[in-house]
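Please read the structure below before turning to the comments.
No value in this document is a laboratory result; all are computed from the given coordinates. As the structure is a computational prediction, the values presented were derived from the model and not from experiment. Glycine also receives a Cβ, built like all others from the backbone with ideal geometry; neighbour counts cover every protein chain displayed.
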Amino acid sequence: MTTITIRFYEELNDFLPYEKKKKSYKIFVNGSPSVKNVIEREGVPHTEVDLILVNSNSVNFTYHVKNNDYISVYPVFESFDIKNVTKLRETPLRIIKFILDVHLGKLARYLRLLGFDSLYDNGYKDDEIAELSNKDNRIILTRDKGLLQRKNVKRGYWIRSLKIENQIKEVVKRFDLYNKIKPFKRCMICNGNIKEIKKDMLQYKIDKYIFNNYNCFYICLSCNKIFWKGNHYPNLEKIINNIK
């Protein structure tokens, strides 16, 4: 039996029971498993981890624990660069493109509103999400911890909040996106890019009342949906301002 001491820092404690939060504690394992297996046995998905120190030395997920090791586990650092310290990945997790699971459709729409590339389809299966995440370097956003514990998942974050307003703020804060918000640049429906279009090109394509009462129009380059600053616009602006 191998005895190790482990401590999880900051938001990684969200995955732990009360008696293990924010403290060092001993665990007992058979043989010499990988530190990745030890971490996930404690309920923390490896996608949430960006730095592991064993006896003050940085190690990768394949390190096999030894008797009396002291393991410190830190979350993904998005607001500063630790590439000269961590040995977990060749590049840090800073590519701001998302893919969301079936439970987070509303969040996907609002992330698009803020200008972030966010794939979503309520028909996606977990294996498809994992494959698309790796193929396109997308960060998985999910309420399913099991999805993040898949071996082939490299980038992911477990959404803690249940309310949509808090979920938006949580993602922006977690990935330090305050200075990257570019509202009304993506289609909330399909995730395509939006650009302004000349009004005279729409005379016979939109409702006559809309054409006569609005001057600025925008079009999605992917689905061709037309947008204008209608009655819903102040509410969307309020959502954006509450985040900033």
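See the values below:
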read-out	value
Residues with amide H under 5 Å from that of ARG155, placed H, sequence gap 5 or more	ILE140
Percent antiparallel among DSSP beta bridges (both partners in the chain, rounded to 5)	60
Two-decimal Rg to Rh for the range 2-75 - Kirkwood Rh, Cα set	0.91
Candidates THR62, THR47, THR142: whichever shows maximal mean-square fluctuation once the chain is modelled as a Gaussian network with Cα springs under 10 Å	THR62
Set of lysines with alpha-carbon distance to LYS185 below 23 Å, sequence-local pairs under 8 removed	LYS97, LYS106, LYS169, LYS173, LYS195, LYS198, LYS199, LYS205, LYS225, LYS229, LYS238, LYS244
Inter-site label distance for ASN37 and GLU165 at 7 Å from Cα along Cβ, in nm	4.6
Full-extension gain in nm, THR3 to ILE239, via 0.36 nm per residue minus C-alpha separation	80.0 nm
Segment ILE206-ASP121, length gained on full extension (0.36 nm per residue, minus Cα span)	27.8 nm
Over the range 97-180, volume per residue of the alpha carbon convex hull, in Å³	83
ASP69 long-range amide H proximity, modeled H, under 5 Å	THR5
Cα coordinate range in the chain, projected on the principal axes (Å, largest first)	77, 31, 31
Stokes-Einstein D in µm²/s, Kirkwood radius over Cα pairs - the range 139-244 at 10 °C with 1.306 mPa s viscosity	96
Linear extension gain, TYR178 paired with TYR70, 0.36 nm per residue minus alpha-carbon span	35.3 nm
Per-pair calculated FRET efficiency, R0 = 35 Å: PHE61 and GLU196 via Cβ, rounded to 0.05	0.15
Rounded FRET efficiency, nearest 0.05, which uses the C-beta distance separating CYS216 from LYS97 and R0 of 30 Å	0.60
